[in-house]
Amino acid sequence: MGLIDTKEMFKKAYESGYSIGAFNISNLEQLQGVLKGAKAKNSSVIIQASKSAVKYAGPSTLVNMVKTASDEIGVDVALHLDHGPDLQAVKDCIDAGFTSVMIDGSHFDFEENIKVTKEVVDYAHARNVVVEAELGVLAGTEDEISSDVHKYTDPDEAAEFVKRTGVDSLAIAIGTSHGAFKFKGEAKLRFDILEEVQKKLPGFPIVLHGASAVDQNIVAMCNEFGGNIAGASGVPVDMLRKASSMAVCKINMDTDLRLAMTGAVRKYLTENPKEFDPRKYIGAGRDAIQSVVESKIDTVLGSANSTL
């Protein structure tokens, strides 16, 4: 067991019509919950950390924590930097031992995005690390990633971008968004864009960001036990499963795990007011995350029994 990259994962996922879950973590209990869920379903899995999570935990600490947990739980895992903002941030994670990185140049114009991405690809590929990039802009807020606008990906630009950068996977914008408040009205994803990208880039792995479903039962539990999360909405499960059956090989989920852990911790502390052992209430959060991951594998990703 140990750290691997995503090349074979994605090849198998594309050919078999499922996606790999990429779950954001920043601490040990989140990590254990995700890996235990993947192990229970015999599923391939990607652990990812944002820039703020890397700062919170430390890049080397994250690498060693993921390696150790992977060995103990018995599941191979790719460790991915999510939304790397620049070459230096990417270098720091590669040098620490990450096996996959994302450079997010989506806020630049097309040519600058290509330039920045190509620099990262050259550095990463020389060290046998795979690279994800993003084309198009997702609205919403998650950690330090924030945008008030949404810009759909242009399929022709996507094909040119991949050819000129040599990137290994591409995140595209088809209507998902970051955070817990994804749709103001009816949920809609532009599957026509995804289909056109797939035609222009046959066999190439596409990534879907901002793809938490935001389970209303978990939101209700958060609110019942003292939370104030009003109006949260996510991407319908049937839409995510459809994307998984197409070119989407990696689906990012962060908000769902945060809500599950928060709701479980709030519930435990409310029902056990005398308890002050962190292992008890954070352990409840860990169990909740494992349940969410197992559910995602079954209902969204379709990745059960996909380990290499």
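The values are calculated or read from the model by the stated rules, or taken from the named source; none is laboratory data. As the structure is a computational prediction, the values presented were derived from the model and not from experiment. No Cβ is skipped: glycine too gets one built from the backbone with ideal geometry, and neighbour counts run over all protein chains shown.
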Subset of the stretch 234-268 [among the hydrophobic types (A, V, I, L, M, F, W, C) and more than 16 Å from I218 (Cα to Cα)]: M239, L240, A243, M246, A247, V248, C249, I251
Where a residue in the stretch 234-247 is more than 17 Å from E15 (Cβ to Cβ) and its partner, wherever it lies, is of a type in the set (K, R), with Cβ under 8 Å and at least six apart: G234/K182; V235/K182
Conditions (1) within 25 Å of V292 (Cα to Cα); (2) at pLDDT 95 or above; (3) among the β-branched types (V, I, T); (4) touching a Lys or Arg at 6+ places or on another chain (Cβ under 7 Å): number failed by I206: (4)
Residues of the stretch 38-58 classified as of a type in the set (A, V, I, L, M) and outside any strand (DSSP E or B), total: 5
Search result, residues across the stretch 24-39 that are touching a residue at least 40 places away in the same chain (Cβ under 8 Å) and more than 15 Å from T61 (Cα to Cα): N24, G33, V34, L35, K36, G37, A38
Contacts under 7 angstrom Cβ, first residue in the stretch 101-114 being under 22 Å from T6 (Cβ atoms), partner exposed (fewer than 13 other Cβ atoms within 10 Å of the Cβ) and not aliphatic (A, V, I, L, M), 6 or more apart: G105/E112
Some residue of the stretch 111-125 being hydrophobic (A, V, I, L, M, F, W, C), in contact with an Asp or Glu (Cβ under 7 Å, 6 or more places away or on another chain) and surrounded by 17 or more Cβ atoms within 10 Å (Cβ to Cβ): no
Residue match in the stretch 85-104 (condition: at pLDDT 95 or above, of a type in the set (D, E, K, R), touching a Gly at 6+ places or on another chain (Cβ under 7 Å) and surrounded by fewer than 23 Cβ atoms within 10 Å (Cβ to Cβ)): no
Residue selected from the stretch 262-308 under the condition outside any helix (DSSP H, G or I) and among the polar types (S, T, N, Q), by the criterion modelled with the lowest pLDDT: T307
Extreme residue, surrounded by the most Cβ atoms within 10 Å (Cβ to Cβ), among residues of the stretch 4-18 that are within 18 Å of V101 (Cα to Cα) and not hydrophobic (A, V, I, L, M, F, W, C): T6
Conditions (1) surrounded by 18 or more Cβ atoms within 10 Å (Cβ to Cβ); (2) closer than 19 Å to T153 by Cβ: number failed by K242: (1)
Residue that is hydrophobic (A, V, I, L, M, F, W, C), closer than 19 Å to L28 by Cα and without any contact (Cβ under 8 Å) to a residue 60 or more places away in the chain, where the choices are V293, V265: V265
Scope the stretch 36-75; condition surrounded by fewer than 16 Cβ atoms within 10 Å (Cβ to Cβ) and under 25 Å from H125 (Cβ atoms); matching residues: S60, N64
K242 vs. criteria basic (K, R), modelled with pLDDT of 90 or more and in a loop (DSSP other than H, G, I, E, B): no
Conditions (1) farther than 26 Å from L170 by Cα; (2) among the β-branched types (V, I, T); (3) touching a Phe, Trp or Tyr at 6+ places or on another chain (Cβ under 9 Å); number of the one not met by T68: (3)
Hits in the stretch 34-61 (condition: within 19 Å of K7 (Cα to Cα) and out of contact with any Leu (no Cβ under 9 Å at 6 or more places or on another chain)): A38, N42
Candidate set: the stretch 146-173, residues that are surrounded by 23 or more Cβ atoms within 10 Å (Cβ to Cβ) and part of a loop (DSSP other than H, G, I, E, B); chosen: the one modelled with the lowest pLDDT: A173
